[in-house]
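The values are calculated or read from the model by the stated rules, or taken from the named source; none is laboratory data. Just so it is clear, the structure is predicted and the values come from calculations on it, not from any experiment. Here the Cβ positions follow ideal geometry from the backbone for every residue, glycine too, while neighbour counts run over all protein chains shown. Please note that ligands, DNA and RNA were not included when accessible areas were found on the heavy atoms of the full protein model with its side chains. Shrake-Rupley method; radii C 1.70, N 1.55, O 1.52, S 1.80 Å.
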Amino acid sequence: DQQVKQNSPSLSVQEGRISILNCDYTNSMFDYFLWYKKYPAEGPTFLISISSIKDKNEDGRFTVFLNKSAKHLSLHIVPSQPGDSAVYFCAATALQAGKSTFGDGTTLTVKP
Amino acid sequence: NAGVTQTPKFRVLKTGQSMTLLCAQDMNHEYMYWYRQDPGMGLRLIHYSVGEGTTAKGEVPDGYNVSRLKKQNFLLGLESAAPSQTSVYFCASNDRGGPGTQYFGPGTRLLVL
């Protein structure tokens with residue numbers, strides 16, 4: 001039973017356009033959500049996060065939206081740049097448990 | 001600060017051999033984690049530790065053991081390697097009481113023949 005799902009394995013967008021990556025979760029105990037970015041042959045790096053008490057968090061070109069009732073979050077990248085091409089992992093955390101559950105990732109390709 | 005480092009970067013084992021992967025962090029973090037990543041899949045938690053001297057099982061603990069004798073180190077052991085353990089292994093750490101942001105090492109690529 002996969003508790004965190006990223007249903008799109010890949011996404012391709014044109015440079016300058018918006019990229020929207022989606023993530024669904026099933027466990028209502030999750031109270032913190034994070035997005036990580038991963039380049040080939042490197043470890044994941046933290047990108048942006050959101051607490052369950054918020055519905056939006058913005059950091060430069062990156063915005064994360066959380067819809068608790070739908071158990072859905074999304075990452076918006078505007079405008080997309082070729083350097084954004086990477087695998088993006090969604091992660092959900094129950095802070096008291098001290099661990100996160102990761103989705104399978106979405107490979108984003110931004111074409112020049 | 002080096003952050004999170006992993007040793008070795010790459011290793012080839014024969015079925016039945018044993019090895020230990022070392023993770024070290026210099027951020028004084030309480031929590032440490034071992035994940036494996038297989039092609040097309042996300043990060044699956046093998047074992048984790050919420051403090052020195054403690055360990056706990058994650059989603060896929062079978063075939064692995066861990067130890068956290070020092071706060072800065074987290075060791076992952078394979079007693080008898082199997083081809084199904086061919087994977088990329090990532091170590092991560094984060095601080096107690098924080099938002100759960102994990103800092104990852106660069107990974108260890110393991111091939112079991």
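Would you mind telling me which residue in A:Q81, A:Q14, A:Q96 has the biggest mean-square fluctuation in a Gaussian network model of chain A, where springs connect alpha carbons within a distance under 10 angstrom?
A:Q96
Restricting attention to segment B:50-113, which trypsin sites (Lys or Arg not before Pro) occupy a DSSP loop and are surrounded by at most 16 other Cβ atoms within 10 Å?
Here the sparse-neighbourhood loop sites are B:K70, B:K71, B:R96.
Tell me the carbon and sulfur percent of the accessible area for segment B:4-96, rounded to whole percent, probe radius 1.4 Å. List each step's numbers first, then the result.
On the way: 2210 of 4320 Å².
Carbon and sulfur: 51 percent of the exposed surface of segment B:4-96.
Among rounded, prolate and oblate, which fits chain B when a ≥ b ≥ c are the square roots of the eigenvalues of its C-alpha gyration tensor, a/c under 1.5 means rounded, and a/b larger than b/c means prolate?
Prolate, since a/c reaches 1.5 and a/b exceeds b/c.
If you take the Cα atoms of the protein assembly as shown, find Rg, then find the Kirkwood Rh from the mean of 1/r over all pairs, what is Rg/Rh? Working shown, then result.
Values: Rg = 17.5 Å, Rh = 18.0 Å.
Value, to two decimals: 0.97.
Per residue and in Å³, how big is the convex hull formed by the alpha-carbon atoms of segment A:4-111?
Per residue, the Cα convex hull of segment A:4-111 comes to 92 Å³.
Just to be sure I understand: with springs between alpha-carbon atoms less than 10 Å apart, which residue in A:A92, A:A70, A:A41 has the highest mean-square fluctuation in the Gaussian network model of chain A?
It is A:A41.
How much accessible area per residue does segment B:4-96 have, counting only protein heavy atoms and a probe of 1.4 Å, in square angstrom?
46 Å²
Suppose a student asked you for the relative contact order of segment A:4-111, using Cα pairs under 8 Å spaced at least 6 residues apart; what percent would you report?
37 percent
Please work out the C-alpha center-to-center distance from segment B:47-113 to segment A:29-43 and express it in whole Å.
When both Cα centres are located, 16 Å separates them.
Which pairs break 32 Å Cα to Cα here: B:K9/B:K71; A:K71/B:K9; B:K14/B:K70; A:K5/A:K111; B:K9/B:K57; A:K56/B:K9?
A:K71/B:K9; A:K56/B:K9
Return the loop-located GluC sites (Glu not before Pro) in segment B:1-103 (DSSP other than H, G, I, E, B) with at most 15 other Cβ atoms within 10 Å of their own Cβ; answer none if there are none.
B:E52, B:E59, B:E79
For the A and B pair, go ahead and give the buried accessible area with a 1.4 Å probe, both sides summed, in Å² to 100.
1500 Å²
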